[in-house]
Amino acid sequence: MPTPPMSATQLILVLGDQLSFNNPAVANANPETDRFLLAEVAEEAGYVPHNRHKIALIFSAMRHFRDALRARGFCVHYIEFAEGVASLQAAVAQVSAALDCRVVRVCEPGEYRLRQAMAGWEAALGIQLEMLEDTRFLASHEDFRGWAKGRKQLRMEYFYRIMRRRYNLLLEADAQPAGGRWNYDQENRVGWRRQREIPPRQALQQSDTTREVLRLVAEAFPNNPGELAQFNYACTATAAKAEFDWFLEHALGDFGRYQDALVEESPWVFHGKLSMYLNIGLLEPLELCREVEQAWRDERCSLSAAEGFIRQILGWREYVRGIYWLKMPDYAEGNSFAAHTPLPAFFWTAQTDLRCLQRALGQSLDLGYAHHIQRLMVVGNFALLAGLDVKAACDWYLAVYVDAFEWVELPNTLGMALHADGGVMASKPYAASGKYIQRQGEHCKECRYSPSRVTGEGACPYNSLYWRFIDRHLEVLSANPRMGLITANWRRRPAAERGAIIAWADQTLADLVGPVG
Ligand code: FAD
Ligand code: DLZ
């Protein structure tokens, strides 16, 4: 077929998680020749049952970004959800044809699924698709591949040190780490015993646009999780920056120390509540790191708080994205413990007597938010110990969290929480008994189960499930130097004692999730 003549107009597609003027497809746009397209479409809103907070945040932020583009003089085609367009491909087909525009520019999508779909657009739509690398991340694909090449183990810590030097963050004049250590994690694990007042989060103003989107989402997604009456997310870059400023003033000081705390009285504790804004483009990662470094230099927070925060963003966030693109698509198939138990219904209702799990699941469903230790050591730990199906668990995480996009969700869930990648991300499984949960907070006080009992009525299920996990994977775990002590202890216990614990664990699991193999 002859190539169609090109019109001078270029269409720039902006996805719902690319809402930034630093998006490389946006940054160099020309109002004279370029046209923008943003589209609310069924496929993106429905590939998992997204939390309603997530859909509302993204649609409202998209509409606000549309207005910001128009205010800068750009022509924007905006497709609303009510127009019933099925997919981004259909949206591009419709608008590129209407404008007779054969060149479409887009910043690379964050998910493999969509990237694969876009690979077929040129042939399907007769367009030329220019895909630009997402420069909003601090390590490029090439940087990460270069770092990973030839390494036996891809540990975050070593990647993070290189990033600290590269961006000159928390360094002394001689490029050594501020304070003499790279990592203050050991000071960031204090358990919660109501040591402090937790500052209440500010209630955010809702614009007319946000209110309209909330009505739309309530109507169009009646069965998705999410209590919209509690919607309290910022939908513009300015409002997200105000959230960050609030964090700097009220929470950063205690962020590090209580990062791993499990708290009854607040879902947010001293955490940032920032991932959702970073992930859709309302905040820029390097800016946050620089401001936090400055807060430390101005003596507004401790070094351990600043380092803890910067490590999460400059280290973990960039590292998980690197792992995702390095290892996909095979990564998504990982299931090294052959875990296939169906997800129990209480993952969608939070109706369970395990207090810690009920709190973590409840706020995840209602607000679309749980902090890291709830995701890892409460929900993830349960899924790991119970052998819940890896794909089902990953899909659940992708659906319920307001900040969930596969590039960040999958390595964290499949790799870090479920160890289903066989140890690419973590040198040992994050498996823990009820004692860990008791140490980190006060949930156990309110729970009908006791963390000091392993078997018998009222025993905390995490305890027997922990030993069941060790027993089932004894051979693999014994080969892991970091698990040697635990596996040796288990082997030394009398056979009858082990048998009784396993029998109790099997019964406990059957009671919680139904009969298991
Ligand atoms: P804070 O505790 O205030 O941390 C500051 C920032 O550091 C976060 O906003 C986030 O951008 C970054 N960060 C911290 N830890 C990580 C990490 N492990 N990976 C990437 N970035 C990190 N984060 C997501 O953004 N999306 C997800 O879908 C997601 N799924 C997760 C699933 C599991 C099983 C686990 C264990 C973690 C997951 N995380 C995910 C990482 C982390 O839990 C969230 O980023 C964090 O809880 C967001 O809350 P916050 O903004 O208050 O974070
Ligand atoms: C998550 C999401 C949702 C719910 N809806 C849309 C949408 O209607 N239009 C859009 O452009 N993007 C949406 N997104 C974000 C995309 O799913 C995201 O860009 C891809 O998953 C790639 O990360």
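The values are calculated or read from the model by the stated rules, or taken from the named source; none is laboratory data. On a predicted model such as this, the values are computed, not experimentally measured, just so you know. For neighbour counting, all protein chains shown are included, and Cβ atoms are generated from backbone atoms with ideal geometry for every residue, glycine included. In case anyone asks, the SASA skips ligands and DNA or RNA and just uses the protein heavy atoms, side chains included. Shrake-Rupley method; radii C 1.70, N 1.55, O 1.52, S 1.80 Å.
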Over the Cα atoms, compute the radius of gyration (one decimal) and Dmax (the largest Cα-Cα distance, rounded to a whole number) for the range 352-499, in Å.
15.6, 47
Compute the convex hull volume of the Cα atoms of the range 183-248, divide it by the residue count, and report the result per residue in Å³ as a whole number.
172 Å³
Using alpha-carbon pairs under 8 Å, 6+ residues apart, how would you state the relative contact order of the chain in percent?
16 percent
Ellipsoid equivalent to the range 372-430 - semi-axes via the Cα gyration tensor, in Å:
16, 12, 11
Suppose every Lys and Arg Cβ carries +1 and every Asp and Glu Cβ carries -1, with no other charges. What dipole size does the range 10-132 come out with about its Cα centre, to the nearest 20 debye?
220 debye
How many angstrom lie between the Cα centre of the range 481-511 and the Cα centre of the range 287-330?
38 Å
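After finding the eigenvalues of the alpha carbon gyration tensor for the range 10-132, what semi-axes result from the square roots of 5 times each, listed largest first in whole Å?
Ellipsoid half-lengths, sorted descending, are 20, 18, 13 Å.
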Give the accessible surface of the range 10-132 per residue, rounded to a whole number of Å², with probe radius 1.4 Å and ligands, DNA and RNA excluded.
36 Å²
Give the shape of the range 137-294 as rounded, prolate or oblate, defined through the alpha-carbon gyration tensor: a ≥ b ≥ c are the square roots of its eigenvalues, a/c under 1.5 means rounded, and otherwise the shape is prolate if a/b is larger than b/c and oblate if not.
prolate
Determine, at each q value in 0.05, 0.07 (inverse angstroms), the log₁₀ of I(q)/I(0) that the Debye formula gives when each Cα of the chain is one equal point scatterer.
-0.21, -0.41
For peptides 104-113, 484-493, sequence by mean Cβ density within 10 Å, most packed first
104-113, 484-493
Please report, in debye to the nearest 20, how large the charge dipole of the range 362-517 is about its Cα centre when each Lys and Arg carries +1 at its beta carbon and each Asp and Glu carries -1 there.
800 debye
Provide Rg over Rh for the range 449-515; use the alpha carbon set for both Rg and the Kirkwood Rh (inverse mean inverse pair distance).
0.99
Using the charge dipole of the chain (Lys, Arg: +1 at Cβ; Asp, Glu: -1 at Cβ; taken about the Cα centre), state which of Cys447, Gly226, Leu57 has its Cα farthest towards the positive end.
Cys447
Place +1 on the Cβ of every Lys and Arg and -1 on the Cβ of every Asp and Glu in the range 10-132, take the dipole about the Cα centre, and give the residue among Gly46, Gly73, Leu114 whose Cα lies farthest towards its positive end.
Gly73
Leading residue at positive end of dipole, the chain (Cβ point charges), from Gln153, Thr238, Ile470
Ile470
Of the cross-linked pairs Lys152/Lys241; Lys54/Lys149; Lys54/Lys327; Lys152/Lys391; Lys149/Lys428, which ones have a Cα-Cα span greater than 28 Å in the structure shown?
Lys152/Lys241; Lys54/Lys149
With a length cut of 24 Å (Cα positions projected on each helix's long axis) and a Kyte-Doolittle mean of at least 0.5, go through the chain and give me the DSSP H helices that pass.
495-513
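Under a Cβ-only charge scheme (Lys and Arg +1, Asp and Glu -1), can you give me the dipole magnitude of the chain about the Cα centre, in debye to the nearest 20?
1700 debye
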